[in-house]
Each structure stands twice: as C-alpha cells, then as structure tokens.
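Before any comments, here is the structure.
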Amino acid sequence: MKKTFDDIDSLIGRLKAVARQHERQHGTQPPPFAYRERLGELLDERQDPASVSDPNHPALEELVAASHRDEVFLQRVYRVLMDREVDQEGMSHYLSVLPRTGRLYVLAELLCADEARDSLAKRGAVIPRRGMLTLPFRLVGRLGPLGRVVRPIMRLCYRVVGIALRPRFKLLERIFELETNERVRGAMMRDVLLELDGELQRQEHRLGQQAEHAQQQQQTLAQHAQQSSEFAHRLSEQERHQPALFSALQHHRRAVERLMEAPESAQAALQGPQGEQLDQQLFDAYYLAFEDACRGSEAQIRQHLNHYQPQWETARQAGTRALDVGCGRGEWLALLSEQGFTPHGVDLNIAMVEHCRERGFDVTHADAVNVMRREPEGSHALVSAFHLIEHLPFDVLYNLVDQANRILAPGGVLILETPNPENVLVGSHTFYHDPTHRNPITPTAISFLLTYLGFSDVEIRRFNPYPEEAKVPGDDPLTARVNGHLCGPQDFAVVGRKAAPATENAPLETNAPAQESTQ
C-alpha cells in the first residue's frame, strides 16, 4: 500500500512541476513527456472516452480516468476488467458508492470479483499494482465472520484515501483540462487557418480570373475603339470624297451624252475643237474632285473664311456688289450672301461653274480678266481671289490686279489668298500637289504689286500654321527660327483698299508700306 501511495505521490509531484512550468511559459507547448503525450491522446475528443489504448495492458491513470465523469470511469473499468459494457444495476450501485468511497475502492472491489479475474486470466490481461489494490480484500475474505467486521473498516480506509487523493486528482483533472483545451484550441485554430488559407486561395484564384477577364475585356474594348476610330476615319474620308467623285461621275456622264448626241462626223470632230472641249470638260471634272480631296471640305473652308470678317465689314461701307474670281465651289459666295452682299463669281472650270449654279449662285464661265473689263468703273465694293494667283502668268496677274483697282469703288477691298512660300515645306513640297500651279508668289512681290497699282493700307495676313506637335521641341532662338521656316503659316493673303480720289481741298492719300499679321 505504501509503495502504491509513493508512486501516486511521485506522479502528482511530476504533474505539479509540469503545471508550474506550463504557467511560467504562458501557454507555450508543454515539455514532451511521454505520459503527457499519452494523456493528450486519451483526451482527444474524437476518440471514445470509455476506451483505453491497450485493454490487455492498461495504465493506472487510464483506469482511474481522472478527467472524466464517474459514468465514463465505470464504462472504462467494466470494459477492461470484465470485457463487457456496464449493466444498469452495476452502474446504479457504483454511482451511489463512488461519492462515499472513491474510485480506487471501486477499482479494487471490481478487481476482486470472480468475473473480472476470469476475464483477465482468459485474455492474459495485466493490471498494474493489482496485488497491492486487492490484497486487503483477499485477506478480509479469508477471515470469515470476522471479515464482515473488518470490511467496513477497509471501506472507510479506502474512502479516506480517496478523499485524501481527491484534491490531487482534481489538480490532475485541471492539468488535463488545460492541456485538452489547448490542444482543442490549437486544432480549431489550425482548422480555421487552413479554411481561411483555402478561402484566400480561392479568392485569389477568382480575383485572378476576374482580373484576366477584365484585361481581356479592356483589350477587346481597345480593339473595338481602334476599329471604330479607323472606321469613322474611313467613313469621313469617303464622305469627304463622295461629292467630288459624284461630281466627276456626273461630268463624265454628261460628256458621254454629248458625244452620243453628236452626228456621225463626231469621230472627225474629236480631232478638232470639239475634241479639245471634251478633254477640257473631263479635266475640269478631275480638278473638282482634286479640290474636294486635297483642299478640304466646304465646311472647313467656310470656317477659314470667317477670318476675313474685318475685310468684308470694311468693304460693305463701300457698297454691296462683290466679285469672286476663281469662285470654285462657292464657299465665299455663300458667306457673302449671308452678310448682305450681292455676289457673283467667275471661273474657267465648267464643273465648278455648274456646281455653283446648282447651289443658286450667279457664276459666269469665262476668263476672269475679260469679265472684269466689261464691268463699270467703281461698281464693286469687294473683289477676291482665293488660291488663284499662283495659277497665273505674271502678265495676267498684273492685269487682274489693275482691273480690280478700276472696278472697285473708293474704300473697296481687294483680297488675294495664296500658298505661303515662307514655309519651306510649302514652297518646296506641298505647293506642287496641284499640277496646275505655276510658281509661288512671295508676300513681298504681291504687296509691291498692289502698292504700285494704287492700293493703300496694304496688309499681309498669314494663316494655318502647322500644329504644335509637328514643331521641333525647344525654346531657344535657333529652334524658334527652324520652326518658323518649317512649321509656320501655310497660307497668306494680301489685302488692299482702294484709295479715295484726291480733291482740291484734300491732300493726295499716300500708299503706306504693307502691314503684316499672322493668324
């Protein structure tokens, strides 16, 4: 008996030492003692609490089951000792005895039962310290009638021992509970972390798929936007060229109709003046298409012509008649009509003339200088020619400016617009897009011509510089000079006003040098 108590005291001492170490470590992993790992396995809630690891060689702590209820203790010892489940009668009996005697007494009493001895012998099971636990009961059994007196005393002793050991078993139960809770919390935490990790991986996978899908959609949208932009550009180009192509087609059709209506001698006539006339009509149709394709749409030209508002307001003070030489598609005629003028135009291109007449304008198909010679002196408030003078020989240009001065009323305005050769790219390249251009006209030359032929307030206005993105980057003087020559205004206009005649009471009006402005 003393050895059994010593073993239990030694076990409890070791458990107390482990508990103190556990408290100092504040919940860290306990030392890896074999018995602690063993008890942790016993307390695993996933196992049957009434079972032991090896029924043939159970440990004492397994049989005592300090951390379990009395019902579990009885189920466990019945399975180990008698190899069966506890019956209802035994369960009720020992549940009533345990509070008075303790588990060691019940364990010792069950070990003395014949059923337990037979079962253990049959299975070869070995119960630790069985002799020490059962010896008192065996001695009492041999005392005969005296045993009935000693047995209550033995029960009392076991009860006292059980009561004395109960606090120690409570401490053992507390240690088991702490360890069990720690293991359960650790297992739960691992399960939660694994689940969270799995969910994060699934979320990352879904986000990756969504990001990939969004990127694909963005690429698709970018492709659609690019295709839409290209389609819109092609459509715009087609819309811009459509009037020119349609006009060319109409003039070709009319030329063919006139050829079909000609008499049988048409083949011979094609070698004479009629053939030359037909060739000129075909060329005129081509040039109208070229104007539409290269000069810009009528809306763009109309927007540019609004820059001449100061000139038409000055001219309107001298009257309302206006002549546009080389009127082309009639953009300037339309604008002058809206501003209260009575404009008429003249052009050698029959396709242009028919186009303007279809729009309701008064346009003559003839040589401009001859038409001007037939006009009365001082009969017009405004004479204009847009992108015409670069097509003319100098003698024709001279006569055109001279006749303009004659037919303008005093205070009337002359506007001549032409490509600007001050821009090197214009003078050396873009000027020659039009095969009918003869040579560029410089601002100095045309300004002197207007001044020489009697115009006053001669002014140079410059338009349409290259966009900023086309310029050479930099802000130094050399870069500014290079940009001025390469990216400066692509067009300029010379503007002159007819001077009022001198009177006896007024001095002659002098011709001031040409003023220059850039827009």
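Rundown of residues vs (1) in a loop (DSSP other than H, G, I, E, B); (2) farther than 27 Å from residue 440 by Cα, yes/no style:
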{"residue": "345", "(1), (2)": "no, no"}
{"residue": "351", "(1), (2)": "no, no"}
{"residue": "356", "(1), (2)": "no, yes"}
{"residue": "360", "(1), (2)": "yes, yes"}
{"residue": "371", "(1), (2)": "no, no"}
{"residue": "375", "(1), (2)": "yes, yes"}
{"residue": "378", "(1), (2)": "yes, yes"}
{"residue": "381", "(1), (2)": "no, yes"}
{"residue": "385", "(1), (2)": "no, no"}
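Restricting 354, 375 to those that are in the same structural domain as residue 394 (by TED's automatic domain parsing), farther than 17 Å from residue 412 by Cβ and surrounded by 15 or more Cβ atoms within 10 Å (Cβ to Cβ) reduces the list to 354. When the residues of the stretch 386-411 are filtered to those that are under 19 Å from residue 316 (Cβ atoms) and aliphatic (A, V, I, L, M), the one that is surrounded by the fewest Cβ atoms within 10 Å (Cβ to Cβ) is 409. Note on the stretch 313-347: residues that are touching a residue at least 60 places away in the same chain (Cβ under 8 Å) and either small (Gly, Ala, Ser) or out of contact with any Ser or Thr (no Cβ under 9 Å at 6 or more places or on another chain) (or both) amount to 8.
Please note which helices (runs of 4 or more DSSP H) are completely contained in the stretch 4-92 and include at least 2 residues that are in contact with a Pro (Cβ under 9 Å, 6 or more places away or on another chain) and at pLDDT below 55. In the stretch 4-92, the matching helices (runs of 4 or more DSSP H) lie at 34-42.
The values are calculated or read from the model by the stated rules, or taken from the named source; none is laboratory data. This one's a predicted model, so the numbers in the text were calculated from it and none came from an experiment. Positions of Cβ are generated from backbone atoms using ideal geometry, with glycine treated the same way; all protein chains shown enter the neighbour counts.
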